[in-house]
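See structure below.
The values are calculated or read from the model by the stated rules, or taken from the named source; none is laboratory data. Remember, predicted model here, so these are calculated numbers, not experimental data. Neighbour counts run over all protein chains shown; Cβ positions are idealised from the backbone, glycine included. Calculation scope for accessible area: heavy atoms of the full protein, side chains included, ligands and nucleic acids excluded. Shrake-Rupley method; radii C 1.70, N 1.55, O 1.52, S 1.80 Å.
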Amino acid sequence: SANKEMIVFINQDTLLNKYEYAKDVTKTMQDKGKTAQNDLGGRQQTFQREVAEYQKSATTMPADQRQTTEQRLQREQQDLQGYQQNATAQFQNEQAAEAGKVYDKIADFVKGYAKEKGYKLVLMYSKANPTVLYGDQSMDVTADVIKKLNNAYTKDKK
């Protein structure tokens with residue numbers, strides 16, 4: 001429009017759903033999460049089988065053998081819990097880092113976009129964090145931003 005809006009906003013929910021880079025990151029992290037979950041599940045099943053075997057044969061075992069087996073199983077359980085905590089922490093760190101990269105890409109783009117269009121303020125709207133309760137449609141630049149971000153991402157991928 002001819003009248004220059006000084007303040008515009010972007011709908012974050014729409015942006016993250018339609019920005020191909022954000023979608024690719026989400027997909028990658030979901031796949032990694034599934035893989036990690038399957039890995040953990042496998043380790044837990046193996047451990048549970050060992051416990052079940054021990055319980056079956058415990059009554060016929062000599063006391064000292066029972067004790068060493070129980071100690072070994074206890075150590076294995078602690079290792080498994082440690083492994084699970086590490087894997088979870090690592091995954092959360094990676095997720096935060098990837099989300100940070102998405103944010104930086106968007107923020108960098110918006111800086112140039114605002115300069116080029118003469119906007120003084122670009123707000124981000126999301127349902128989870130509604131800093132903008134109402135914005136006139138003429139101030140919503142989401143679609144244009146998505147289009148330009150996706151064009152840039154397509155070029156980056158080549």
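See the values below:
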read-out: Heavy-atom accessible area order for M6, M29, M61, M124, largest first, 1.4 Å probe; value: M6, M124, M61, M29
read-out: Sites A114 and Q37 - FRET efficiency at Förster radius 41 Å, r taken between beta-carbons, to 0.05; value: 0.50
read-out: Overall Cα dimensions of region 9-130 - principal axes, largest extent first, Å; value: 83, 22, 19
read-out: Candidates K27, K105, K127: whichever shows maximal mean-square fluctuation once the chain is modelled as a Gaussian network with Cα springs under 10 Å; value: K127
read-out: Accessible heavy-atom area order of T14, T35, highest first, probe of 1.4 Å; value: T35, T14
read-out: Accessible area (Å², per residue) of the chain, counting only protein heavy atoms and a probe of 1.4 Å; value: 71
read-out: Sorted peptide list for 115-122, 148-155, criterion being average Cβ within 10 angstrom, highest first; value: 148-155, 115-122
read-out: Long-range HN-HN contacts of F9 with modeled amide H, under 5 Å; value: L123, D140, V141
read-out: Nearest-ten-degree value, helix 63-117 long axis tilted from longest Cα axis of the chain; value: 10
read-out: Accessible-area order (highest first, 1.4 angstrom probe) of the listed residues S138, S57; value: S138, S57
read-out: A89 paired with N150, simple spin-label distance in nm, labels 7 Å along Cα-to-beta-carbon; value: 4.0
read-out: Solvent-accessible area, 1.4 Å probe, carbon plus sulfur percent, for the chain; value: 51
read-out: Globularity ratio of region 63-109, using Cα Rg and 2.2 N^0.38 Å; value: 2.14
read-out: Under the Karplus curve 6.51 cos²θ - 1.76 cosθ + 1.60, θ = phi - 60°, whole-Hz ³J(HN,Hα) for region 126-133, x wherever Gly or Pro sits; value: 8, 4, 5, 9, x, 6, 10, 8
